[in-house]
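One structure is given below, encoded as structure tokens.
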Amino acid sequence: MLDGKKSLFSGMQATGNLTLGNYLGALKNWVTLNEEYECFYCVVDEHSITVRQDPAELRKRARALLTLYIAAGLDPKKNCIYYQSHVSAHAELSWILNCYTYMGELNRMTQFKDKSAKHTDNINAGLYTYPVLMAADILLFQSDVVPVGSDQLQHLELTRDVAMRFNNLYGDVFTIPEAYLGKVGARIMSLQDPEKKMSKSDENPNGSIYLMDDTDTIIRKCKRAVTDSDNQILYSEDKPGIRNLIDIYSATTGLSKEEVEKEFDGKGYGDFKLAVGEAIVSVLKPLQDRYNELTADKVFIDQMIKENAEKASYYANKTLRKVQKKVGFPERIR
Ligand code: ATP
Ligand code: LTN
């Protein structure tokens, strides 16, 4: 809760080209929530360096991500859209919360296990304490809800545990956040391996639809999507490829699973895959056009980056000062 209004925080890493999974699992929900809450949408560039990045590339991607937030429909006048690294309170609160998080808790985090298995040459302490920085992001804004895909639920659970531990010691300092999962699209799977989630860091580009893919590429990737051989469009546990395509179709058209099954009753996979491709294009094309317009307007984007970082700092520092006082840091002399 911030100034009497419920608040919301979410963020994405600037680590690759955004996929349809990121859009349907996260961004799309963000847009529907922004009337109800005081919203903070962050480009979490500090999280990004837990995996080695090329500096020029990171800067470019962070700006592209921030622009995509707006292109997807987030109005920067109503939502606070900013870079994590522009608000130093994130790193400061993260340090404090490190001292209230147990190694046993961090040892259980599956994202750490997955990422350290993938980057064996660089298992750094930041990768390990990554969930604590995420907790700081969320708690700084007294967030009531955090819209994320289902892969982030474990981090959110940890955030709640740390916040409750802190509140038990010092009184009601933090709002305890809840995860917000969309009804459809919370877990979009790879088109090439429907047992694995669609991910922007996947080496096989055919498994993911990127938000900036052109029409032909989107249609081609859908046509090549891995499915079974029985040619029936049914939502079933033993048909992961088709189930994923139904999820995508229903998330992009707004139809329920049953309506999709009915629409394609008696039709084959070829027709269905083409329809899925076209539905994706109809959602992504307007977003791409808006993105291209926005990138041309450097002054507008620069101005909003500055204003929104100031707004985020104001709220974040309010929480940080409270926390610093509670743990016993000396008062500032004004
Ligand atoms: P990486 O591959 O670099 O780990 P990622 O594609 O998993 O990246 P993140 O930046 O970690 O993406 O996630 C941004 C948001 O998108 C998070 O809320 C996450 O839950 C959501 N998300 C990511 N992949 C999917 C997916 N396949 N389906 C639904 N939501 C997803
Ligand atoms: N860990 C998240 C990104 C992230 C985030 C957050 C999401 C960092 N801080 C705060 C929600 C709230 C990820 O990898 N997708």
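A short reminder: the numbers here are calculations on the coordinates, not readings from a lab. Bear in mind the structure is a predicted one, so any value in this text is a computation, not a measurement. With ideal geometry, Cβ positions are generated from the backbone for all residues, glycine too; neighbour counts draw on all protein chains shown.
Could you tally the net charge around residue 247, taking each other residue with its Cβ under 10 Å from the Cβ of residue 247, Lys/Arg +1 and Asp/Glu -1? Working shown, then result.
Details: positive: 187, 243, 257; negative: none.
Net of charged neighbours comes to +3.
D for the chain, whole µm²/s, Stokes-Einstein with Kirkwood Rh over alpha-carbon pairs at 10 °C and 1.306 mPa s: what number? Numbers along the way, then the final one.
Numbers: Rh = 21.1 Å.
Stokes-Einstein gives a translational diffusion coefficient of 75 µm²/s.
Just to confirm my numbers, what's the Cα centroid distance between region 144-216 and region 247-303 in Å?
Rounded to whole Å, the Cα centres lie 21 Å apart.
Can you tally the net charge around residue 237? Count Lys and Arg as +1, Asp and Glu as -1, for every other residue whose Cβ sits under 15 Å from the Cβ of residue 237. List each step's numbers first, then the result.
On the way: positive: 187, 239, 243, 257; negative: 195, 228, 230, 238, 247, 261.
With Lys, Arg at +1 and Asp, Glu at -1, the net is -2.
By Kyte-Doolittle mean hydropathy of at least 0.0 and Cα axial length of at least 27 Å, which whole DSSP H helices of the chain are selected? Show your work: numbers first, answer last.
Values: long enough: 269-296 (40 Å, 0.02); 298-327 (42 Å, -0.83).
Result, helices passing both filters: 269-296.
For region 215-334, what is the relative contact order in percent, using Cα pairs closer than 8 Å and at least 6 residues apart in sequence? Can you show the working numbers first?
On the way: 72 pairs, mean separation 28.1, N = 120.
Computed over region 215-334, the figure is 23 percent.
Taking amide H positions as placed in the peptide plane 1.01 Å from N, state which residues far from residue 81 in sequence (5 or more) or on other chains have amide H under 5 Å from it.
When sequence neighbours closer than 5 places are left aside, the close amide H contacts are 41.
Two decimals is fine: what is log10 I(q)/I(0) at q = 0.15, 0.17, 0.19, 0.24 Å⁻¹ for region 1-96, from a Debye sum with one equal scatterer on every Cα and no solvent?
-0.61, -0.78, -0.95, -1.33
Of all chymotrypsin sites (Phe, Trp or Tyr not before Pro) in region 54-143, which ones are in loop regions per DSSP and have a Cβ with at most 12 other Cβ atoms within 10 Å? Let's see the in-between values first.
Values: sites: 69, 82, 83, 95, 100, 102, 112, 128, 141; in loops: 100, 102, 141.
Sites meeting the loop and neighbour criteria: 102.
Let me check I've understood the local charge: for residue 213, count other residues with C-beta under 12 angstrom from its C-beta, Lys and Arg +1, Asp and Glu -1. What total comes out? The partial results should precede the final answer.
Working: positive: 220, 221, 285; negative: 214, 216.
For residues surrounding residue 213, the net value is +1.
For a quick check: with amide H placed at 1.01 Å from N, whose amide H comes under 5 Å from residue 180's, ignoring anything fewer than 5 positions away on the same chain?
Distant-sequence amide H within range of residue 180: 146, 148.
Check which residues have an amide H placed less than 5 Å from residue 11's amide H, if you skip close sequence neighbours.
Here 42 satisfy the definition.
If you wrap region 108-189's Cα atoms in a convex hull and average its projection over all directions, what's the area in nm²? Write down the numbers at each step before the final one.
Details: hull surface 25.3 nm².
Reported value for the Cα convex hull: 6.3 nm².
For the pairs 200/285; 197/221; 118/200; 60/285; 28/197; 60/196, flag any whose C-alpha to C-alpha distance is greater than 24 Å.
Those over the limit are 60/196.
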